[in-house]
Amino acid sequence: MFDTKKVEIQWGGKTLTLETGRVARQADGAVIATLGETVVLCAVTAAKTVKEGQDFFPLTVHYQEKFSASGRIPGGFFKRERGATERETLISRLIDRPIRPLFPEGFYNEINCIAQVLSYDGENEPDIVAMVAASAALTISGVPFMGPIGAARVGYKDGEYQLNPTDGEVAEGELDLVVAATHDAVMMVESEAKELSEEVMLGAVMFAHKASQQIIDAIIDLAEQSAKDPWELAPVDDKSATMAKLKKAIGKDVEAAYKLTDKQARQNALNAARTKAREAFADLKESDPAQYLGTLKLVKKLEADVVRGAILKTGRRIDGRDTKTVRPIAAEVHFLPRAHGSALFTRGETQTIATTTLGTRDAEQMIDGLNGLSYQHFMLHYNFPPYSVGEVGRFGAPGRREIGHGKLAWRALHPVLPSKEEFPYTIRVTSDITESNGSSSMATVCGGSLSLMDAGVPLKRPVSGIAMGLILEGKDYAVLSDILGDEDHLGDMDFKVAGTSEGITSLQMDIKIAGITEEIMKVALAQAKDGRAHILAEMNKALGETRTELSAHAPRIETMQIDKSKIRDVIGTGGKVIREIVATTGAKVDIDDEGVIKISSSDGAQIEAAMNWIKGIVEEAEVGKIYNGKVVNIVDFGAFVNFMGGKDGLVHVSEMKNERVEKPGDVVTEGQEVKVKVLEIDPRGKVRLSMRVVDQETGAELEDTRPAREPRGERSDRGPRREGGGRDGGRGGDRGGDRGGDRGPRREGRGPRRERSEGGAKEGGDEGDAPAFAPAFLTGDRD
């Protein structure tokens, strides 16, 4: 029933299997890729005809993680996979970027490439497996794909490169780098690094390129067994004559336009040249619409030839710079008065307003994925409104490009952030691009770094970023620093590097042609290092180091550690205690399973009140120590005082003043703040307090002039217990009769004497009950 074809290889110490012919047989190409127990299905379908008037390549890549792959049910109200998550969007882009340049120019058939994670083992990441499956499915589908590509993830630890490391190994290491490559050249690089050198980063790229060759060979083996017949493409027309006519019509206009250094003036001149071209070939619009559209597309090629030729021949770029010069930079911090941190960063005609907002733990981003629920305390959001390029367009939710640019800047800044233990805040950085002419993602890195420092986030070092470009014609090439938008569109490489003075934190590369050699990448990295150093120096003029104080509008967070056994005491039954702390003090209180408590508020007094409350719950009272307290209950024989948040003690009427007190209510009232000294803690934890030995104004301890009382039951005049249960000279004799001595032994079957509980609402007894240390005439404790 099934004509299954399979290829199996050993890759990085694990088994990789590529299989086709058993699943999704109606697709043009479908491959199941398996690495360990991670399984990804990728299916490719292509339209057999092109829509009339279409002049672009409609390739769409969808990557989806099925929750069933890891044995989970989606959270939330809708128990099914819905729109693409940020991670799915980023991996879709990761697949799209290296395969898009490998389709021939002029191929406009719509293609869908859908990759679904069917099984996930928690060890082998599905993004690499999906890239391999997509490459294999395209290769066997018959569409004109000039692949295959291979892919690999590289880690770096203790001076050694790691092939396809696990999540745990990546977290412990210094590098997370993904490379996609053909047999001859690297096509795409995406990475995050902990301030590694250019040499280490280039070595990782080459290591990944070599490892990807095994994947390419395996895909070729599968294609030899199962590939469909290749599509027949229409022959490419010789357009040299049309190009000559077009150059004659508008060539000088295009050259003049690209000599204008102002972007808007240049765009206006180019639009005028394009209008002139449409008028020159207007006769084809009716007679041969296809040729007319093809001619208009040649305008873009003419523009590219003008720009590329000028750079290679003269070294002069569109805006008049040489190949290494960075555009003028202006940086300003504390741009917005109420933001916790803000910066306005301008480089040439690219500008961003970056803000940093600090929050508490409850503001963390919750992520529901294959690995279960996780929380992210650092977020970076990039926004690209249409006015930034002077256009009218859609404004609203972020698109794939915005999500990708934001993640690149996130990777650049993440390695220099303090740990959650060092800085227990949730951090959100936003970058609103207000002007754009190339390299807005790297402007986000620079502006984001400045806004973080302005907010008081203790970065290890400031981070800057630069976008590099490449013009390659045969053996001649030029590496461009700080590229413009037009240089990006008309060039052969987009190479973004971010890092500190100590090394690279992020590297992203997209190459549009084959033939980028290791030597070219080495030159680009070295040139980028010089550019980053220049940008850092300009940033330091605005703010050279992190501010030592947080914004007055930012919340303060204090951290304290308690014993795990005390967690339930702080939370209380059903959260009663912690809710009372929050409601009373106004501070936010978060506690984790390890006993780490984070208390936050913009008011320091609220934090201090909450901390003192919690300390009172978890700490033990010390005999002889003076505490601040509040009267919570008044009884006939004294007053109960709450003095450590969750602890109460009794101030006996005799310990209120150094003079006789008839009624406790004459001295204190409920809710009154008092200062007390701990006199005694009995074996049951009952606390005896005193007010009379503490100055109620200053809290200073006063000298006790009252003669010390002998402890009950240890008076020197007590004799030995007499037979029958009495006592010689017992307490009965002190009160006018030796009643205790006349009593016989306790009757058999009589239970033990009932223990009286200490009074007070907080202790669970009746208000009339007296504590164990009260005098006998109050307790009624008679023999």
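With the condition kept exactly as written, say whether any residue in region 405-427 is touching a residue at least 40 places away in the same chain (Cβ under 8 Å), at positive phi and touching a Ser or Thr at 6+ places or on another chain (Cβ under 9 Å). Within region 405-427 (the criterion being touching a residue at least 40 places away in the same chain (Cβ under 8 Å), at positive phi and touching a Ser or Thr at 6+ places or on another chain (Cβ under 9 Å)), the answer is no, since none of the residues qualifies. Just to verify a result, which residue in region 466-480, among those that are surrounded by fewer than 24 Cβ atoms within 10 Å (Cβ to Cβ) and of a type in the set (Gly, Ala, Ser), is farthest from the chain's Cα centre (by Cα)? That would be 474. Listed by first and then second residue, the pairs with beta-carbon distance under 9 Å, at least 6 apart or on different chains, first residue in region 323-345 and over 17 Å from residue 543 (Cα atoms), second among the hydrophobic types (A, V, I, L, M, F, W, C) and in a loop (DSSP other than H, G, I, E, B), are 327/484. Scanning region 520-529 turns up no residue that is surrounded by fewer than 16 Cβ atoms within 10 Å (Cβ to Cβ) and outside any helix (DSSP H, G or I).
Could we say that residue 449 is at positive phi, polar (S, T, N, Q) and crowded, with 24+ Cβ neighbours inside 10 Å here?
No.
Scanning region 221-278 for residues that are part of a loop (DSSP other than H, G, I, E, B), over 43 Å from the mean Cα position of the chain (by Cα) and closer than 30 Å to residue 437 by Cα yields a count of 1.
In summary, residue 146 fulfils each of the numbered conditions (1) touching a residue at least 60 places away in the same chain (Cβ under 8 Å); (2) aliphatic (A, V, I, L, M); (3) open to solvent by 20 Å² or more (accessible area, probe 1.4 Å); (4) in a loop (DSSP other than H, G, I, E, B) with the single exception of condition (1). Considering only region 404-441, how many residues are in contact with a Phe, Trp or Tyr (Cβ under 8 Å, 6 or more places away or on another chain), of a type outside the set (Ser, Thr, Tyr), more than 30 Å from residue 589 (Cβ to Cβ) and assigned to a helix (DSSP H, G or I)? Residues meeting the conditions: 3. Candidates in region 73-120 are the residues that are more than 17 Å from residue 178 (Cα to Cα) and among the acidic types (Asp, Glu); of these, the one that is surrounded by the fewest Cβ atoms within 10 Å (Cβ to Cβ) is 105. Residues of region 22-57 that are modelled with pLDDT of 95 or more, open to solvent by less than 40 Å² (accessible area, probe 1.4 Å) and not aliphatic (A, V, I, L, M): 28, 29, 34, 38, 42.
Apart from one condition, residue 393 fits all of (1) more than 24 Å from residue 92 (Cβ to Cβ); (2) free of Cβ contacts under 8 Å to residues at least 12 places away in the same chain; (3) over 28 Å from the mean Cα position of the chain (by Cα); the exception is (1). Among strands (runs of 3 or more DSSP E) entirely within region 291-378, having at least 3 residues that are buried (at least 19 other Cβ atoms within 10 Å of the Cβ) and out of contact with any Cys (no Cβ under 8 Å at 6 or more places or on another chain) singles out 341-347, 350-359.
Residue 502: in a loop (DSSP other than H, G, I, E, B) and over 19 Å from residue 309 (Cβ atoms), yes or no?
yes
Number of residues in region 182-207 that are part of a strand (DSSP E or B), farther than 27 Å from residue 219 by Cα and of a type outside the set (A, V, I, L, M) equals 3. On inspection, residue 161 passes the criterion of being at negative phi, assigned to a strand (DSSP E or B) and of a type outside the set (Val, Ile, Thr).
Scanning region 381-403 for residues that are open to solvent by 50 Å² or more (accessible area, probe 1.4 Å) and part of a loop (DSSP other than H, G, I, E, B) turns up 390, 391, 392, 394, 395, 396, 397, 398. The residue that is nearest to residue 552 (Cα to Cα), counting only those in region 570-611 that are outside any helix (DSSP H, G or I) and among the small types (Gly, Ala, Ser), is 602. Each residue in region 271-290 was checked for being open to solvent by less than 80 Å² (accessible area, probe 1.4 Å) and either within 20 Å of residue 308 (Cα to Cα) or in contact (Cβ under 8 Å) with a residue 12 or more places away in the chain (or both), and 8 pass.
Residue 186: under 20 Å from residue 494 (Cα atoms), surrounded by 17 or more Cβ atoms within 10 Å (Cβ to Cβ), among the aliphatic types (A, V, I, L, M) and out of contact with any Cys (no Cβ under 6 Å at 6 or more places or on another chain), yes or no? Criteria met by residue 186. If the condition is being hydroxyl-bearing (Ser, Thr, Tyr) and either open to solvent by 100 Å² or more (accessible area, probe 1.4 Å) or modelled with pLDDT of 85 or more (or both), then region 235-270 contributes only 258. Residue 581 falls short on exactly one of the conditions (1) modelled with pLDDT of 90 or more; (2) closer than 30 Å to residue 209 by Cβ; (3) aliphatic (A, V, I, L, M), and that condition is (2). With respect to the conditions (1) open to solvent by less than 40 Å² (accessible area, probe 1.4 Å); (2) within 49 Å of the chain's Cα centre (by Cα), residue 698 lacks only one, and its number is (1). Select from region 622-639 the residues that are of a type outside the set (Val, Ile, Thr), within 20 Å of residue 669 (Cα to Cα) and open to solvent by 10 Å² or more (accessible area, probe 1.4 Å) and list them in ascending order. Hits for region 622-639 are 627, 628, 630, 633, 636, 637. Here is a list: 389, 429, 445, 479. Which entry is hydrophobic (A, V, I, L, M, F, W, C), at pLDDT below 95 and in contact with a helix residue (DSSP H, G or I) (Cβ under 7 Å, 6 or more places away or on another chain)? Result: 479 is the single residue among 389, 429, 445, 479 that is hydrophobic (A, V, I, L, M, F, W, C), at pLDDT below 95 and in contact with a helix residue (DSSP H, G or I) (Cβ under 7 Å, 6 or more places away or on another chain). All conditions in (1) touching a strand residue (DSSP E or B) at 6+ places or on another chain (Cβ under 7 Å); (2) within 30 Å of residue 610 (Cα to Cα); (3) open to solvent by 10 Å² or more (accessible area, probe 1.4 Å) hold for residue 554, with the sole exception of (3). If a residue must be outside any helix (DSSP H, G or I) and within 24 Å of the chain's Cα centre (by Cα), how many such residues does region 92-136 contain? The number of residues fulfilling the criteria is 7. Scanning region 647-672 for residues that are over 16 Å from residue 693 (Cα atoms) and either surrounded by fewer than 18 Cβ atoms within 10 Å (Cβ to Cβ) or without any contact (Cβ under 8 Å) to a residue 60 or more places away in the chain (or both) gives 647, 662, 663, 664, 665, 666, 669, 670, 671, 672.
Filtering region 488-497 for residues that are open to solvent by 10 Å² or more (accessible area, probe 1.4 Å), outside any loop (DSSP other than H, G, I, E, B), basic (Lys, Arg) and closer than 18 Å to residue 447 by Cβ leaves a non-empty set.
The values are calculated or read from the model by the stated rules, or taken from the named source; none is laboratory data. Only a predicted model underlies this, so the values are computations on that prediction, with no experimental measurement involved. Don't worry about glycine lacking a Cβ; one is built from the backbone with ideal geometry, like all the others, and counts go over all protein chains shown. Quick note on the areas: whole protein, heavy atoms, side chains included, nothing else; ligands and nucleic acids left out. Shrake-Rupley method; radii C 1.70, N 1.55, O 1.52, S 1.80 Å.
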